[in-house]
Every structure is written in structure tokens, then in C-alpha cells.
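Structure record follows, encoded as C-alpha cells.
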Amino acid sequence: MSELRFEGVTVRYGRALTAVDGVDLTVPSGQVVGLVGESGSGKSTLARAAVGLAEPAGGQILLDSVPLHHRPGARRPLQMVFQDPYSSLDPRMTIGDSIAEAMPRDSSRPSRRDEVVRLLELVGLDADRVSAYPGALSGGQRQRVAIARALAGKPEVLIADEITSALDVSIQGTVLNLVRTLQRELRLSMLFISHNLAVVRYVSDIVAVMYLGRIVEVGPAHDVLGNPQHPYTKELLAAAPRRGSTSLPPPDEALVADAEPADPHYPPAGCRFHPRCPIGPLIRTDREHCLTLDPTAEADHRLHRAACHHAAGVLRAVGSNPPVLMQLKEDSQ
């Protein structure tokens, strides 16, 4: 088990687009951090930076407090399972060869064969699949192979990027159950990425919410989901499927909820969520400060590190003691 930490990580594509903007996030040892946000929020770019597929323009990524250095041919302590099971495996290689290719080079051929069989059984596939080609497998089976291949590299941290979004709904649950079981049995540290808050809720110990390249709320899963502080988190929760839920949002909330996300090339000044915020300046004329003041500057002092000027809780120092949580009532939330 190892701790993965992002400190002020920024990733740019060209000069115009900052896909990840000063992200601070920790994946504690042996825990699952669920990173959630809509498409274009920067989740996958952050994951790609962690495994060396995108070069950070600023900040650093640390594993057990040591900066990560991605060198060709070196062992990779982070392994990633990608979204599309149909493109993550070489169609010309057998399943056994694909898994064996990811193993450390110091293992012998007989031990590699035994390990391939063990990994296939670990992810719920029969050993006779070792000689099959990806084209003979279903999407769910391919994703199981992709998970086995990632585990073959003996990672210290596993990154799962939207691993169920390309699968049929009927098999998403089995893959999620597999991921949760493997994480507990192997005591893996994991960054689990999804746009679906219901999926993140199922597997995560900690939930981090990302919007337009920034983390806008983070905390223990039961706290964030039970008492969300950022309006965007509340919007994601409201959009998550619930049994028997047919209620419609109030007219004011519906007005901004239907607004298009901002262009990431030109993020809004102040609070980046303000053009869509149901408690922001489009609804409340007394909140023009949201147009110009960046709420991330004081996020560390709010409950769940919420990047919102109107979060319901703040941290305040009391005497010489460490900061304690003070709940403040907000008349509009």
C-alpha cells in the first residue's frame, strides 16, 4: 500500500487550454478515492499525468512523499485501467500474452504462466481463456482481462478511469463488485474516476468532485454525499438515479441547471461555477462577489474544502488549540 499525492498539479494542452489547474488531492494508503465530475472536467487528464501519459506544467506528483519519475523501461508503480475494453488490449495477442507482457521482467517463463492463470482466476475468468484472443470475449470479460493486466504489474496504486461507462448496464454491477472485492483483498490504494456519482458512492472511501480543472469539494464519502457543501456536488447528487424520484427542481434552479458548461479555454472569472449556480449571482443579486472573487483561495478553511463562498461550514482557530469545525447556517441553503 502506498499514498499518492497531487500537489498543485497543472496540465496544459498548448497555450490555450488548462485542463487541470492547481489540483491538490491525496489518495491515502489502502483507500479508494472516487473522483467525479462531468466530461471535460479534467479527471482523465489528471489520471494520465499520474501514469506519465501527460506532462504536468506545474506542481508535483508524489508516491509515499517521493516525486514520481517516469522512465522508459522502468517498473511502473502506478497502473491504469482504461475506459474502453475494446481498445485497451492488442487484438493480435492472446489474453495470456497480454497479461504476461505487463509482468516484471525478472520473472521466469514457468512462473509467468502460473501467474497468468492465477490472475485470470482472481478476476473471475477460467484458466482456459489464456489462449483466447480479445475478439472472442465480451466487453465485460475484456475489462476483467484489463484489470488482470494492470495487477500483473504489481502496482502500488491502481487508477481506474471510467471502467464501467462503456459496458452494458447489466454487467456494470459485476465489474464494480469485482473492483471492490479486489481492492479490499489486495488492500490497494485506488483512484477511481467516473462521471456517475452513484458508481463513485458504491466503491469509494473518499469522494473528490472536479469542475473545470479544479477540485471543488473533497472529503469522506459519507460526509460529502450526506452533507454536500458545493452547489455542483448537489447538482450531481440530484442527477443520480434514485428509486421513485420524479420531483422537478424549482424554476430558478432549473434555469441555471440547464445552462451549458463554460468553455474550458475561457473559464469564468471568480467562481467557475457561477454561470450555472442556483444560489449564485444569476439568482441572488447580492452575490456579485462570486463574479470576481475566486473561492478556492479559502477552500482549505471550509467544510470539505468546498470551493464555494457560501459553504455552510468553515474552520476557525479557537484559542491555541488546533482548528475546529464550526457549523454556520446559510439562509439560502
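Karplus couplings for segment 137-149 from phi (6.51 cos²θ - 1.76 cosθ + 1.60, θ = phi - 60°), rounded to Hz, Gly and Pro as x? Coupling constants for segment 137-149: 10, 7, x, x, 5, 5, 5, 5, 5, 4, 5, 4, 5 Hz.
Taking amide H positions as modeled 1.01 Å from N, with prolines and chain starts lacking one, the residues under 5 Å from GLY59 and 5 or more places away or on another chain are THR10. Amide H to amide H, with H built 1.01 Å from N, ILE215 comes under 5 Å of ASP24, counting only residues 5 or more places away or on other chains.
Full extension of the segment from LEU17 to ALA269, taken as 0.36 nm per residue of separation minus the current Cα-Cα distance, would add 89.2 nm. The ranking of PHE6, PHE273 by Cβ neighbour count inside 10 Å, starting from the fewest, reads PHE6, PHE273. Taking amide hydrogens as placed 1.01 Å from N in the peptide plane, the amide H of LEU17 sits under 5 Å from that of no residue at least 5 positions away in sequence or on another chain. When the chain is treated as a GNM with alpha-carbon contacts under 10 Å, the residue of ASP90, ASP161, ASP106 showing the greatest mean-square fluctuation is ASP106. Computed from the C-beta positions of ASN227 and ILE171, the FRET efficiency with R₀ = 35 Å rounds to 0.60. Subtracting the Cα-Cα distance of THR10 and ALA259 from their residue separation scaled by 0.36 nm leaves 87.0 nm. Here the simple spin-label model places points 7 Å from the Cα toward Cβ, and for ASP97 and VAL66 these points are separated by 3.4 nm. Distance between the pseudo-spin-label points of ARG113 and ARG75 (7 Å out from Cα toward the beta carbon): 2.5 nm.
Our estimate of slack between THR181 and ASP128, defined as 0.36 nm per intervening residue step minus the Cα-Cα distance, is 16.8 nm. Computed over the chain, relative contact order equals 18 percent, with contacts defined as Cα pairs under 8 Å that lie 6+ residues apart. Summing +1 for each Lys or Arg and -1 for each Asp or Glu among the other residues whose beta-carbon sits under 12 angstrom from that of PRO267 gives -1. Using the Karplus relation 6.51 cos²θ - 1.76 cosθ + 1.60 with θ = phi - 60°, the per-residue 3J(HN,Hα) values for segment 153-167 come to x, 6, x, 8, 9, 10, 10, 10, 9, 6, 6, 10, 5, 8, 9 Hz, with x marking Gly and Pro. Here r is the Cβ-Cβ distance between ALA297 and MET1 and R0 is 35 Å; the resulting FRET efficiency, rounded to 0.05, is 0.60. For trypsin sites (Lys or Arg not before Pro), the sites in segment 69-166 that DSSP calls loop and that have at most 13 other Cβ atoms within 10 Å are ARG75, ARG92, ARG105.
Largest mean-square fluctuation among GLY37, GLY140, GLY173, in a Gaussian network model of the chain whose springs join Cα atoms under 10 Å apart, belongs to GLY173. Between VAL216, VAL117, VAL11, the residue with the greatest mean-square fluctuation in the GNM of the chain (Cα pairs under 10 Å linked by springs) is VAL117. The magnitude of the dipole of the chain, with charges of +1 and -1 set on the Cβ of Lys/Arg and Asp/Glu and taken from the Cα centre, is near 760 debye.
Readers should treat all values here as calculations from the given coordinates under stated rules, not as data from a laboratory. None of these values were measured; they are calculated from a predicted model. Glycine also receives a Cβ, built like all others from the backbone with ideal geometry; neighbour counts cover every protein chain displayed.
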